[in-house]
Amino acid sequence: MTTITAEKKPLYELRITRVFAAARETVFKAWTDPARMAQWGGPADFTVLGDQMDVRPGGRHRACLVAPNGDEHWVSGEYLEVSPPERLVFTHAWELSDGQRSPETVVTVELTEKDGGTLMMFHQAFFESPAGRDGHESGWSEAFERLATLLSTGRDADPS
């Protein structure tokens, strides 16, 4: 008799909910306009250098997050769904120094109007480990703090 066993791998997901004091259209533009994204799209003290942002289904995105010590962290992916101003879905993978890519995750951003502002429901799945998920949670949380500051100052209207 043959015994077959299957190893079930846990699926690690990240969910962040945040309310921004800005119109849904403004928050959506912050996600889809390269100049706006460069102002908030990385952890605190990082500089974001956009390389490519073709926001349409099948379009590609690519950016470099430059750490305070000068280390470059390249990320890229493909837009899967673009439904202004309520939903954005894209893949996300880090470009590794050996020319490979990290395992790909899928990011979903859903925006709904709430009390004169915007409720953002952020979801990223699936990570290979809790450490990978937790590292992204820290980075995204810092980026969303930067986004909240940007939206509250009104500087998002004219990023030049």
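The values are calculated or read from the model by the stated rules, or taken from the named source; none is laboratory data. Keep in mind that what you see is a predicted model, and the values were worked out from it rather than measured. Because the Cβ atoms are built from the backbone with ideal geometry, glycine has one as well, and the counts that use them run over all protein chains shown. The area values use the complete protein model at the heavy-atom level, side chains included, leaving out ligands, DNA and RNA. Shrake-Rupley method; radii C 1.70, N 1.55, O 1.52, S 1.80 Å.
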Name the pairs: first residue in the stretch 37-52 and over 14 Å from residue 144 (Cα atoms), second residue open to solvent by 50 Å² or more (accessible area, probe 1.4 Å) and not in a strand (DSSP E or B), Cβ to Cβ under 7 Å, at least 6 apart or on different chains? 50/34
Here are 33, 98: which of them is farther than 26 Å from residue 131 by Cα and open to solvent by 20 Å² or more (accessible area, probe 1.4 Å)? 33
Checked against (1) within 13 Å of the chain's Cα centre (by Cα); (2) under 22 Å from residue 153 (Cα atoms), residue 21 satisfies every condition except (1)
Return the pair list, or none, for Cβ contacts closer than 8 Å from residues in the stretch 107-121 that are free of Cβ contacts under 8 Å to residues at least 60 places away in the same chain to residues that are among the charged types (D, E, K, R), at least 6 apart or on different chains. 108/87; 110/86; 110/87
Testing residue 60 on (1) over 23 Å from residue 103 (Cα atoms); (2) free of Cβ contacts under 8 Å to residues at least 60 places away in the same chain; (3) crowded, with 16+ Cβ neighbours inside 10 Å, one condition comes back false. Which one is that? (1)
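Which residue out of 151, 65, 96 is within 21 Å of residue 18 (Cα to Cα) and among the aliphatic types (A, V, I, L, M)?
The match here is 151.
Quick grid of which residues meet (1) within 15 Å of the chain's Cα centre (by Cα); (2) farther than 24 Å from residue 24 by Cβ; (3) of a type outside the set (Val, Ile, Thr):
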site: 69; (1), (2), (3): no, yes, yes
site: 72; (1), (2), (3): no, yes, yes
site: 82; (1), (2), (3): yes, no, no
site: 87; (1), (2), (3): yes, no, yes
site: 121; (1), (2), (3): yes, no, yes
site: 128; (1), (2), (3): no, yes, yes
site: 153; (1), (2), (3): no, no, no
Checked the stretch 117-146 for anything outside any helix (DSSP H, G or I), within 26 Å of residue 23 (Cβ to Cβ) and among the aliphatic types (A, V, I, L, M); matches are 119, 120, 121
